[in-house]
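A short write-up of the structure that comes next.
The values are calculated or read from the model by the stated rules, or taken from the named source; none is laboratory data. On a predicted model such as this, the values are computed, not experimentally measured, just so you know. Cβ placement follows ideal geometry from the backbone for every residue including glycine, while neighbour counts extend to all protein chains displayed. Keep in mind that these areas ignore ligands, DNA and RNA; they rest on the heavy atoms of the full protein, side chains included. Shrake-Rupley method; radii C 1.70, N 1.55, O 1.52, S 1.80 Å.
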Amino acid sequence: MSYPQPLTPEEKLADAKKLLSLPRIVVICGSTRFMTEMNEADLRETKAGKIVVKPGCDMKSPHEVWSDPVEAEALKVRLDDLHRAKIRLADEALVVGDYIGDSTRAEIAHARSLGKPVRFTHPEVDPDA
């Protein structure tokens, strides 16, 4: 006699989203040098009826919150962890910009390792294309 396997956390999350009738969730990924483009993508995806999550801080722009280098490094680690959580939460990823650096490449790999579809505003930069 076989017993049903317990649901994985990912399957439980997918079921909960269905039960709540949530729209698709898209996470915007990419270098924060493209924050203007990310905001435009947020607008377009929201208009299309999706819930959008994206980086909340542009640490490349000066700000008192990350003016101390030691605190800034610790914050970057926390923000990277937070963004990976956003990728886990999302149904799909949208990579914005015409440049893929190491951090964005890691985000793409993380999304794909979770089976998330990944779209690009500039498909030619897809590292797996």
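Taken over segment 98-127, the criterion of being among the small types (G, A, S), touching a residue at least 40 places away in the same chain (Cβ under 8 Å) and under 29 Å from T8 (Cβ atoms) is satisfied by S103, A111. Residues of segment 98-122 that are part of a helix (DSSP H, G or I) and open to solvent by less than 70 Å² (accessible area, probe 1.4 Å): S103, T104, A106, E107, I108, A109, H110, A111.
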